[in-house]
Amino acid sequence: MLQTVSEWLWWERLWLPANVSWSDLEDGEGRVYAKTSQLHAALPCALCLLLVRYLFERYLATPLANVWGIRDSVRLTAEPNPLLENYFRCRARAPSQVDVRSLCKKTSWSERRVQVWFKRRRNQERPGLRKRFCEASWRCVFYTFAFVYGVLALYDKPWLYNLREVWAGFPRQSMLPSQYFYYLLEMGFYLSLLLSLTFDVKRKDFKEQVIHHIATLTLLSFSWISNYIRIGTLVMAAHDCADILLEGAKVLNYAKWHRTANAMFVVFTVLFMLTRLVIFPFWLIHCSWVYPMEEFAPFFGYYFFNVMLLVLQMLHLYWAVLISRMAYKCIFSKLEGDERSDEEEDDSDSPRERDNKLSHKNGTGARDRANGH
């Protein structure tokens, strides 16, 4: 049964054009082809990147945050209440108005007090400013390194300047060492992002981020096995260049260099729109959709690869809307943070409400009378 599954999975018509077999992609005559087994190195690479990230955030990003005076805001702690805590963990982080009234009856608290409790409890679950700074710093450094490496790997290649060269002689195209390490670096990074999703700052587009990472890994894996390596390297380089400015703008914004951060974000917006909404669909997807038809008849892999590119393009359109809103705030108002971030909520109370809370039998005492946000 396993042999049958393996034969079906590696059926040549799924991965390769007609009249091309796996035997045609065996090393020889000075040519070295990509192999499926080489993808196994992506997991060790991802684990190494997680270790490098930990060391970077602890020994470089954190001291830099101290130098720039980046501190987490003081948060008011939610009062101990087993009933509300059980509701928060087992049912919902944000109760409906009907549930708030029900909880008021069970706790003998006012609606305002219950609502403030949930705001404070949600804030306790949110990452602090220093964590956001360290995460953005790591991504900025990685994207910079990956983009520079991609430029060095591509600048002298003819398919960078003439996209028809992407398919010249396909799929009998020898793999270059620079291509292998570029793929390994990118696959390890996106796999590390998947492994760290539960620990990273959770944003409003969490589901879209998961879809993006899975689609990216699927595209990279498929393009490697099918020898779509040339177009794959171009797609990676087009994505990395704009992300450098995005993460850099976040870093500067957390450091309170707001004018510089806003200017960088505006430049990022222009570059994002150019690379993701112009170059990616009208150059790279066009190259992958139209030019192969001149070299070989369509096959399953051809359709699969292009559908995955379209999935990425739909995500680009979604993010373009969020980025446009943020760019508007940069230009016409003040950008306070990432539009995608799950921001802290203002839970400030009136003096009377604070006095009532302090006098309640479940109150936490004068030690919680610290200033809020």
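The values are calculated or read from the model by the stated rules, or taken from the named source; none is laboratory data. This one's a predicted model, so the numbers in the text were calculated from it and none came from an experiment. Every residue, glycine among them, receives a Cβ derived from its backbone with ideal geometry; neighbour counts consider all protein chains shown.
Brief remarks follow.
- For the range 26-78, the set of residues classified as surrounded by 14 or more Cβ atoms within 10 Å (Cβ to Cβ), aliphatic (A, V, I, L, M), within 20 Å of W224 (Cβ to Cβ) and over 25 Å from the mean Cα position of the chain (by Cα) consists of A34 only.
- Selection status of N81, of a type in the set (S, T, N, Q), touching a residue at least 60 places away in the same chain (Cβ under 8 Å) and within 26 Å of N123 (Cβ to Cβ): yes
- Checking the stated criteria, R75 turns out to be of a type in the set (K, R) and under 30 Å from L194 (Cβ atoms).
- Number of the condition not met by I285 [criteria: (1) part of a helix (DSSP H, G or I); (2) over 21 Å from N162 (Cα atoms); (3) aliphatic (A, V, I, L, M)]: (2)
- In the range 49-103, residue farthest from F118 (Cα to Cα) [restricted to those that are among the hydroxyl-bearing types (S, T, Y) and in a helix (DSSP H, G or I)]: Y59
- Of all residue pairs spaced 6 or more apart or on separate chains, those with beta-carbon atoms under 9 Å, a first member in the range 192-216 that is in a loop (DSSP other than H, G, I, E, B) and a second member that is surrounded by 15 or more Cβ atoms within 10 Å (Cβ to Cβ) and among the basic types (K, R) are S196/R53; D200/K131; V201/R126; V201/K131; V201/R132; K202/R126; K204/R340; D205/R340.
- For the range 40-55, the condition holds for at least one residue, the condition being that it is over 30 Å from F133 (Cβ atoms) and at pLDDT 90 or above.
- For first residues located in the range 31-49 and more than 12 Å from G188 (Cβ to Cβ), partners that are in a helix (DSSP H, G or I) and of a type in the set (D, E, K, R) and lie 6+ apart or on another chain with Cβ distances below 6 Å do not occur.
- Scanning the range 144-174 for residues that are touching a Phe, Trp or Tyr at 6+ places or on another chain (Cβ under 9 Å) and assigned to a helix (DSSP H, G or I) yields A146, Y149, G150, A153, L154, W159, L163, R164, E165, V166, W167.
- Filtering the range 291-301 for residues that are surrounded by fewer than 21 Cβ atoms within 10 Å (Cβ to Cβ), in contact (Cβ under 8 Å) with a residue 40 or more places away in the chain and under 26 Å from L152 (Cβ atoms) leaves a non-empty set.
- Considering only residues in the range 104-153 that are within 13 Å of V201 (Cβ to Cβ) and aliphatic (A, V, I, L, M), the one that is surrounded by the fewest Cβ atoms within 10 Å (Cβ to Cβ) turns out to be L129.
- All positions within the range 127-164 that are free of Cβ contacts under 8 Å to residues at least 24 places away in the same chain and under 30 Å from D24 (Cα atoms): Y155, D156, P158, Y161, N162
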